[in-house]
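The values are calculated or read from the model by the stated rules, or taken from the named source; none is laboratory data. As the structure is a prediction and not an experimental result, all values here were calculated from the model. Quick reminder, even Gly has a Cβ in these numbers, built from the backbone with ideal geometry, and neighbours come from all protein chains shown. In case anyone asks, the SASA skips ligands and DNA or RNA and just uses the protein heavy atoms, side chains included. Shrake-Rupley method; radii C 1.70, N 1.55, O 1.52, S 1.80 Å.
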Amino acid sequence: MAIRVLVTGFGPYGNTAINPSLAVVKNLQAAPKSDDDDNHVEIIARQVSSEFNTCIKETCGFIEKLKPDAVIMLGEYPGRSMITVERVAINYNDATRYGLKDEAGYAPQGTPVVEGGPDAYFSTLPLRRIVTDLRGKGIPADISDAAGTLMCNHLLYGALHHVHTTANGTEDRKIPVGWVHLPSLPEVAALEDNLGMPSMTAELSTRAVRCVIESIARNAAAGGGDIDVPVKSRLLV
């Protein structure tokens with residue numbers, strides 16, 4: 001089954017001069033083929049601006065232009081030790097609680113992502129299948145119920161709102177859309193101010209994202225939905 005997958009990542013943002021999501025995007029751009037021999041997957045990787053007022057418009061523009069069959073957005077979650085796939089995005093921005101501004105110097109506080117939008121949207125990725133497959137390949141992973149209130153949650157909500165309110169969200173073209181958080185890179189964790197921070201190499205994060213893409217392809221071939229098995233968590237993430 002042939003599918004097209006859009007993958008997005010941020011550049012430098014906040015306290016992160018080297019964003020793991022951009023490292024993965026560059027790796028995918030250099031080798032855009034899927035490792036899954038059973039499914040023909042076209043991977044299109046794009047960088048989006050690290051700005052609240054720009055990233056949703058850019059990503060939705062990619063969705064409209066490229067017409068992907070699935071959208072995977074990537075970001076960094078400092079302090080997490082594993083790949084985490086987000087379950088939900090909320091209609092709320094609060095960057096000031098983290099003491100961070102975006103690359104345009106903007107730090108929203110207590111604002112909605114979309115004025116008048118629903119309180120939340122759930123990811124439409126097959127989360128249980130993704131985590132089960134990642135763990136099966138020796139990559140630590142879990143489902144997260146907290147995407148934060150920074151730009152990652154902001155973009156996830158905005159993209160989900162877009163596909164729910166345009167032709168991309170109709171029954172005949174309901175595309176899986178969701179967020180994958182990556183640990184910080186080792187070179188960031190090695191900084192004196194970050195000693196003790198969990199990290200993951202760009203190579204392993206890239207392998208994890210490829211695994212996520214393969215899981216989505218297999219899920220599409222199986223008719224969609226998600227696997228009906230429990231996915232246990234040992235850590236609060």
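Brief remarks follow.
- TYR106 fulfils the conditions (1) under 18 Å from ASP145 (Cβ atoms); (2) out of contact with any Leu (no Cβ under 8 Å at 6 or more places or on another chain) except for a single criterion, (1).
- Residues that are under 16 Å from VAL5 (Cβ atoms), small (Gly, Ala, Ser) and at pLDDT 95 or above, drawn from segment 31-49: ALA45
- Being over 13 Å from LEU155 (Cβ atoms), assigned to a strand (DSSP E or B) and out of contact with any Phe, Trp or Tyr (no Cβ under 8 Å at 6 or more places or on another chain) is true of VAL41.
- Only one of the numbered conditions (1) among the polar types (S, T, N, Q); (2) more than 21 Å from GLY110 (Cα to Cα); (3) modelled with pLDDT of 95 or more; (4) out of contact with any strand residue (DSSP E or B) (no Cβ under 8 Å at 6 or more places or on another chain) is violated by SER21, and that is (4).
- Within segment 81-117, tally of residues that are surrounded by 21 or more Cβ atoms within 10 Å (Cβ to Cβ) and not aliphatic (A, V, I, L, M): 4
- Restricting the first member to segment 48-75 and to residues that are closer than 14 Å to SER21 by Cβ, and the second to residues that are modelled with pLDDT of 95 or more and open to solvent by 50 Å² or more (accessible area, probe 1.4 Å), the beta-carbon pairs closer than 7 Å and six or more apart or on different chains are VAL48/GLU58; SER49/GLU58.
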